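Asker: Can you keep this structure in mind? I'll have questions shortly.
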């Protein structure tokens with residue numbers, strides 16, 4: 001284990017935080033809130049769970065009351081056995097989407113974007129006239145798309161067009177009516193920023209998000225200086241996979257990063273640094289009810305009424321649920337050799353950030369989250385369908 005942040009020694013068994021509300025009519029005591037376990041307990045739990053499921057590498061950060069209290073790295077970063085450190089470059093995957101949504105909300109604050117404007121009124125020419133979108137030429141529903149629809153995964157598209165039998169992009173339902181995770185929506189949102197505002201999205205992400213939060217080892221494109229301390233991946237059978245050197249910016253998931261930098265990113269998002277209070281609240285506002293049994297596959301029509309009991313809904317670039325302490329929200333990032341997860345409890349400003357270069361790490365996340373954050377209403381079976 002390697003930790004580059006000063007530890008805050010808070011023992012769950014020794015400390016509890018008692019929050020007392022003082023309304024005009026008298027004194028009411030809120031339920032007690034467990035303190036976080038100490039750093040040694042956190043790291044021991046991570047090591048034991050990694051060994052149980054043969055996870056090769058795992059990096060984690062813990063945020064409490066809007067401050068980073070622990071950052072650590074465990075295991076190895078490649079098949080050669082080189083150690084994973086808190087500065088190792090790892091694939092951010094779809095955590096990129098939340099960082100991009102944060103950029104969009106800065107532009108909303110500046111009056112340069114309207115979340116509810118039709119993209120037909122934002123783009124300088126019709127969407128089907130762009131090289132990647134002739135498939136939509138005979139379907140006027142593209143005009144119903146807005147940035148809010150794109151960022152809440154309610155486009156009606158499959159996750160990616162290459163998942164379609166014919167490889168063509170199409171609507172499966174009316175935009176704005178149903179949650180269905182779609183990277184295609186984030187491609188269009190990126191196009192809006194590039195074409196409507198003339199922005200270099202990679203540069204804007206760097207200056208407005210990464211530089212703002214002091215993320216010196218994060219980029220939307222490959223950097224040669226990443227090579228010296230780089231994490232390769234491990235598939236579900238343990239086969240190593242070389243790190244993909246992404247040459248182009250993709251708001252759906254091209255971010256390379258480190259756990260040190262992700263700690264800085266998510267503490268900034270928790271605090272709302274760089275956003276107006278209204279825009280920060282809008283990101284975390286429940287906007288579209290999620291009724292699906294699982295997040296993937298995205299177009300299966302089966303529903304789960306139990307989602308309503310935890311208030312499972314889409315926010316902007318993330319997913320919201322109701323926990324015992326109030327609102328919770330989360331965002332995952334995944335491919336065949338990457339498993340990332342961020343879970344935050346809004347009222348406590350408490351988060352757990354997990355990056356792994358081994359997809360098997362997703363199997364330990366429920367137990368690891370329970371060991372660190374305690375019992376939550378996090379919908380693990382919706383996020384991860386291990387029976388697929």
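The values are calculated or read from the model by the stated rules, or taken from the named source; none is laboratory data. The structure displayed is predicted, hence computed values, not measured ones. Counting neighbours? That spans all protein chains shown, and the Cβs are built from the backbone with ideal geometry, glycine included.
Asker: Go through region 121-139 and give me each residue that's assigned to a helix (DSSP H, G or I), surrounded by 13 or more Cβ atoms within 10 Å (Cβ to Cβ) and free of Cβ contacts under 8 Å to residues at least 24 places away in the same chain.
Answerer: Initially, region 121-139 is screened for residues assigned to a helix (DSSP H, G or I), giving 121, 127-129, 134-136.
Checking which are surrounded by 13 or more Cβ atoms within 10 Å (Cβ to Cβ) leaves us with 127-128, 134-136.
Correct list: 128, 134.
The rows are residues; the columns are (1) within 19 Å of residue 247 (Cα to Cα); (2) more than 19 Å from the chain's Cα centre (by Cα).
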{"position": "189", "(1), (2)": "no, no"}
{"position": "195", "(1), (2)": "no, yes"}
{"position": "202", "(1), (2)": "yes, no"}
{"position": "206", "(1), (2)": "yes, no"}
{"position": "212", "(1), (2)": "no, no"}
{"position": "219", "(1), (2)": "yes, no"}
{"position": "222", "(1), (2)": "yes, yes"}
{"position": "228", "(1), (2)": "yes, yes"}
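Asker: Quick one: is residue 112 surrounded by 15 or more Cβ atoms within 10 Å (Cβ to Cβ), at pLDDT 95 or above and within 26 Å of the chain's Cα centre (by Cα)?
Answerer: no
Asker: Next question. Would you be able to say whether some residue in region 369-378 is buried (at least 20 other Cβ atoms within 10 Å of the Cβ) and farther than 29 Å from residue 77 by Cα?
Answerer: yes
Asker: Right, here's the next one. For residue 266, indicate whether it is modelled with pLDDT of 95 or more, part of a strand (DSSP E or B), in contact with a strand residue (DSSP E or B) (Cβ under 8 Å, 6 or more places away or on another chain) and within 23 Å of residue 115 (Cα to Cα). Please lay out each step first, then the result.
Answerer: Values: modelled with pLDDT of 95 or more: yes; part of a strand (DSSP E or B): no; in contact with a strand residue (DSSP E or B) (Cβ under 8 Å, 6 or more places away or on another chain): yes; within 23 Å of residue 115 (Cα to Cα): yes.
Judged against the criteria, residue 266 is not a match.
Asker: With the structure loaded, tell me whether residue 249 is buried (at least 19 other Cβ atoms within 10 Å of the Cβ), in contact (Cβ under 8 Å) with a residue 12 or more places away in the chain and closer than 28 Å to residue 347 by Cα or whether it fails that test.
Answerer: Working: buried (at least 19 other Cβ atoms within 10 Å of the Cβ): yes; in contact (Cβ under 8 Å) with a residue 12 or more places away in the chain: yes; closer than 28 Å to residue 347 by Cα: no.
For residue 249, the condition - buried (at least 19 other Cβ atoms within 10 Å of the Cβ), in contact (Cβ under 8 Å) with a residue 12 or more places away in the chain and closer than 28 Å to residue 347 by Cα - is not met.
Asker: Out of (1) surrounded by fewer than 22 Cβ atoms within 10 Å (Cβ to Cβ); (2) without any contact (Cβ under 8 Å) to a residue 40 or more places away in the chain; (3) in contact with a strand residue (DSSP E or B) (Cβ under 8 Å, 6 or more places away or on another chain), what's the single condition that is false for residue 292?
Answerer: (2)
Asker: I've got another one for you. Name the pairs whose Cβ atoms lie under 8 Å apart, with the first residue in region 144-165 and at positive phi, the second assigned to a helix (DSSP H, G or I) and surrounded by fewer than 19 Cβ atoms within 10 Å (Cβ to Cβ), and 6 or more positions between them or separate chains?
Answerer: Final answer for the pair search is 156/141.
Asker: Sticking with this structure for a sec: Would a scan of region 305-323 turn up a residue that is out of contact with any strand residue (DSSP E or B) (no Cβ under 8 Å at 6 or more places or on another chain), over 26 Å from residue 259 (Cα atoms), surrounded by fewer than 20 Cβ atoms within 10 Å (Cβ to Cβ) and in contact (Cβ under 8 Å) with a residue 60 or more places away in the chain? Steps first, please.
Answerer: The first filter runs over region 305-323 and keeps only residues out of contact with any strand residue (DSSP E or B) (no Cβ under 8 Å at 6 or more places or on another chain), leaving 305-306, 309, 316.
Subsequent filtering for residues that are over 26 Å from residue 259 (Cα atoms) retains 305-306, 309.
Restricting the remaining residues to those that are surrounded by fewer than 20 Cβ atoms within 10 Å (Cβ to Cβ) gives 305-306, 309.
Still in the list and also in contact (Cβ under 8 Å) with a residue 60 or more places away in the chain: none.
No, region 305-323 contains no residue that is out of contact with any strand residue (DSSP E or B) (no Cβ under 8 Å at 6 or more places or on another chain), over 26 Å from residue 259 (Cα atoms), surrounded by fewer than 20 Cβ atoms within 10 Å (Cβ to Cβ) and in contact (Cβ under 8 Å) with a residue 60 or more places away in the chain.
Asker: Separate question: Can you tell which of 362, 346 is surrounded by fewer than 24 Cβ atoms within 10 Å (Cβ to Cβ), within 29 Å of residue 230 (Cβ to Cβ) and in contact with a strand residue (DSSP E or B) (Cβ under 9 Å, 6 or more places away or on another chain)?
Answerer: Details: 346 fails: within 29 Å of residue 230 (Cβ to Cβ).
Only one candidate passes the filter, namely 362.
Asker: Based on this model, can you work out whether residue 49 counts as in contact (Cβ under 8 Å) with a residue 24 or more places away in the chain, assigned to a helix (DSSP H, G or I) and crowded, with 19+ Cβ neighbours inside 10 Å?
Answerer: When the stated conditions are applied, residue 49 passes them.
Asker: Does region 313-331 hold any residues that are within 17 Å of residue 350 (Cβ to Cβ), part of a loop (DSSP other than H, G, I, E, B) and under 16 Å from the mean Cα position of the chain (by Cα), and which are they?
Answerer: 318
Asker: Okay, next question. For the condition within 10 Å of residue 259 (Cβ to Cβ) and under 22 Å from the mean Cα position of the chain (by Cα), what is the one hit in 93, 59?
Answerer: Numbers: 93 fails: within 10 Å of residue 259 (Cβ to Cβ).
Step by step, each of 93, 59 is checked, and only 59 is within 10 Å of residue 259 (Cβ to Cβ) and under 22 Å from the mean Cα position of the chain (by Cα).
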